[in-house]
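Take a look at the structure below.
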Amino acid sequence: MPTYTYSAVSNKGKSVKGKMTALNDLDLEHRIRSLGLEIVNYKALRAGGSRFLGSVKPKDLIMLCLHLEQLDRAGVPLLDSLADMRDSSDSAYMRDLMSDIYENVKNGDMLSEAMRRHHRIFGDVFAGLVAAGEKTGNLSESFKNLADHLKWNNDFRRKIRKAIRYPIALLVIMSGVISMMMMYVVPQLSEFLLAQGFDLPFYTQALISFSGFFSEFWYLIFGLPIIGIAGLLIVSRTSPRVRRAMHMFWLHFPFIGQVILKTNLARFTRFFAITFNSGIDVLECLSTAKKVVSNMIIAEAVASIEQSVSEGNSLTMALQQTQRFPSLVVRMFKVGEDSGNMETALNNVNFFYDREVNDSVESMVGMIQPALTILMGLLMLWVTVAVFGPLYDSFSKLNL
């Protein structure tokens, strides 16, 4: 189905621009008019694919899930709910997206199928959970679970950004201070010391040499790490072997590794709970929850759990065999299996990991901040001793 860019005007004369898929020009005009707009001009881009990538924010998806949940609970037909979302959205991109989904559902597609047409926005996990709701006849519960999952992800990302904001700012300031000292301050002081003919100790000579090296090759000192990291990221995207090695490295990196481990396990257990509570069988829950895990090593562990359960082993035994889950979490799963009350056990697991992830993030940031402060202090101590040490020695000799 071709995609068009269009310009239109509303009944109030407001100009509106957007992108929309349609069967042809007449279908495009019909879809634009269904939005209460009058088309001015349009242009075909290309056939197929979603043109909404990067335009739909997590907040928009959360609001979509919440509105569809409430409308479904109120007994509003799905097409009317989609039309309401389409007409009430403040975002032009969401309006165009919902218009496309509305037309596909109106033409006979299931909602999950219409969402899969925009795979890069909704993804297999989102559409899969909607499909589960369609299968069980409980779409409102699926949208509620999706909204909770998206909120948790959004809150966690915001928490991470807030936590690392100060260390990043401190690192930038420290880099600026080092650059100023090595390129301007130390050269002037070293010229003064050399002009006086002082006997310079090794740490002063080392500072002068490092300052000269930094002044000449500063672009390499700052540029090579950036180029190296960017190159490694590009290679990891094209080579699963390199990506797996990187994931293994970060998983065993001090402090950061524990945060990555607990974050991925928290995502797995939370989404496993969401799918299980939606009435999906355990194997399908494992298969779906595996897709929300970002670390390849943890994903392989989840795949081994899925394989073990498919061979007839209990979920508890499969979790224990991976040696990735804490014994407390394994015991919670065991209590849930033995009592038949897995929902309560999964809620306890989610509570455990929410607390563990928060503590791990705070602990990691708590280690980074003093480490950078100590590094800055050591650098200042080095410069102070290297510069004022020879001066103090010369003054001591004069007193004698």
Result of the Cβ filter at 6 Å on the stretch 79-100, keeping first residues that are not assigned by TED's automatic domain parsing to the domain that holds GLY36 and partners that are in a helix (DSSP H, G or I) and among the acidic types (Asp, Glu), at least 6 apart or interchain, is SER91/ASP60; MET94/ASP60
Going residue by residue through the stretch 292-306, is there one that turns out to be touching a Leu at 6+ places or on another chain (Cβ under 7 Å) and of a type in the set (Ser, Thr, Tyr)?
no
Closer than 28 Å to ALA22 by Cα and touching a Lys or Arg at 6+ places or on another chain (Cβ under 8 Å): is that true of PHE122 in this structure? yes
Just one listed residue, out of GLY257, GLY340, GLY336, is under 20 Å from ARG157 (Cβ atoms) and either out of contact with any His (no Cβ under 9 Å at 6 or more places or on another chain) or acidic (Asp, Glu) (or both), and it is GLY257
Those residues of the stretch 158-184 which are in contact (Cβ under 8 Å) with a residue 40 or more places away in the chain and within 15 Å of ASP354 (Cα to Cα) amount to LYS159, ILE160
Contact list, first residue from the stretch 125-152 and outside the structural domain of LEU71 (by TED's automatic domain parsing) and small (Gly, Ala, Ser), second anywhere and in a loop (DSSP other than H, G, I, E, B) and surrounded by 19 or more Cβ atoms within 10 Å (Cβ to Cβ), beta-carbon distance below 7 Å, six or more apart or interchain, is SER142/SER278
Contact list, first residue from the stretch 324-343 and over 26 Å from VAL259 (Cα atoms), second anywhere and outside any helix (DSSP H, G or I) and hydroxyl-bearing (Ser, Thr, Tyr), beta-carbon distance below 7 Å, six or more apart or interchain, is GLU337/SER314
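The values are calculated or read from the model by the stated rules, or taken from the named source; none is laboratory data. Nothing here was measured: the structure is a model prediction, and the numbers come from that model. FYI the Cβ positions are ideal-geometry reconstructions off the backbone, even for glycines, and counts take in every protein chain you see.
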